[in-house]
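Here is the structure we will look at, set down as structure tokens.
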Amino acid sequence: MALRQILHHPDPRLRNKASPVASFDAELGKLIDDMLETMYDAPGIGLAATQVNVHQRVVVIDVSGEKSTPLHFVNPVIAETTGEEEMEEGCLSVPGVFETVCRAEEVLIHAFDRNGDPFEMNADGLLAVCIQHEIDHLDGKLFVDYLSQLKQLRIRKKLAKEQRQYD
């Protein structure tokens with residue numbers, strides 16, 4: 001396993017739409033393992049392949065808090081949504097920014113595992129929010145896109161200022 005570099009907003013590669021995974025092979029398994037290691041190291045609770053500059057439809061998530069329940073979704077599709085809820089979100093690609101976003105309260109997901117076996121999962125609460133957040137990444141969308149133009153501008157300025165400090 002290896003740590004991968006996480007892209008930061010406003011990197012244009014975060015806006016790329018991911019392609020479906022066609023080969024369920026050792027390379028996919030390594031990507032999933034690397035993504036889990038990267039997510040845990042960051043630390044975070046979700047990571048989409050787009051965030052590590054791999055434009056394939058792969059997501060890893062662990063909302064357990066103990067790093068004990070890793071999940072992975074290959075070619076995930078939200079089949080159904082129910083209700084609405086607001087929850088504060090953050091993102092490894094938008095470090096230090098936390099804002100309230102409205103999303104579906106419950107989701108039904110269709111996906112494949114690393115071996116190409118299909119499965120479906122019902123999720124609610126934090127897991128449902130995380131799944132929606134990560135699938136947005138696969139579609140080139142960030143959680144800040146749900147915010148007002150003014151908030152988006154403030155976030156871009158904040159991140160640009162922080163980046164200048166590191167350059």
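The values are calculated or read from the model by the stated rules, or taken from the named source; none is laboratory data. Keep in mind that what you see is a predicted model, and the values were worked out from it rather than measured. Note: ideal-geometry Cβ built from the backbone for every residue, glycine included; neighbour counts use all protein chains shown. Just so you know, the surface numbers come from the protein's heavy atoms only, side chains and all, with ligands and any DNA or RNA stripped out. Shrake-Rupley method; radii C 1.70, N 1.55, O 1.52, S 1.80 Å.
Please identify the longest segment of the chain free of exposed trypsin sites (Lys or Arg not before Pro), where exposed means a DSSP state other than H, G, I, E or B and no more than 13 other Cβ atoms within 10 Å. Can you show the working numbers first?
On the way: sites that count: 17, 67.
The reported range is 68-167.
In the context of the full set of protein chains, residues of the chain present 53 Å² of accessible surface per residue (probe radius 1.4 Å, heavy atoms only).
Between 134, 120, 84, the residue with the greatest mean-square fluctuation in the GNM of the chain (Cα pairs under 10 Å linked by springs) is 84. Computed from the alpha carbon atoms alone, the convex hull of the range 21-108 holds 108 Å³ per residue. Under the simplified labelling scheme, the residue 141-residue 22 pair shows an inter-label distance of 2.7 nm, with each label point 7 Å from Cα along Cα→Cβ.
Tell me, how many Å apart are the Cα centres for the range 90-167 and for the range 29-51? The range 90-167 and the range 29-51 have Cα centres separated by 14 Å. Return a whole-number percent for the relative contact order of the range 66-167, with Cα pairs under 8 Å and 6 or more residues apart as the contact set. Value for the range 66-167: 23 percent.
Using a 1.4 Å probe on the protein chains only, how many percent of the accessible area of the chain belongs to carbon and sulfur? Whole-percent figure for carbon plus sulfur exposure: 49.
Available extension along the chain between residue 160 and residue 86 is 23.9 nm, counting 0.36 nm per residue and deducting the alpha carbon span.
Net charge within 14 Å of residue 158 by Cβ-Cβ distance, Lys/Arg positive one each and Asp/Glu negative one each, not counting residue 158 itself?
Details: positive: 151, 154, 156, 157, 161, 164; negative: 99, 162.
Net of charged neighbours comes to +4.
Checking the a/c ratio against 1.5 first, then a/b against b/c, what shape does the Cα gyration tensor give for the range 84-133?
Cα axes put the range 84-133 in the oblate bin.
Count Lys and Arg as plus one, Asp and Glu as minus one, and take only other residues whose Cβ is under 10 Å from that of residue 81; the net charge is then -3. Ranked by solvent-accessible area (1.4 Å probe, protein heavy atoms only, all chains present), the residues 146, 40 order from largest to smallest as 146, 40. Each of 147, 58, 81 was scored by the projection of its Cα onto the charge dipole of the chain, and the greatest displacement toward the positive side belongs to 147; charges sit on the C-beta of Lys, Arg, Asp and Glu.
Mind scanning 17/151; 141/161; 30/151; 67/141; 30/141 and naming the pairs with a C-alpha gap bigger than 31 Å? 30/151, as the Cα separations exceed 31 Å there. When the Cα positions of 127, 163, 109 are compared along the charge dipole of the range 109-165, 163 comes out farthest toward the positive end, with charges on each C-beta of Lys, Arg, Asp and Glu. Residue-wise HN-Hα couplings along the range 58-66, as the Karplus relation 6.51 cos²θ - 1.76 cosθ + 1.60 with θ = phi - 60° gives them from phi, are 9, 9, 10, 8, 8, 9, 5, x, 10 Hz; Gly and Pro carry x.
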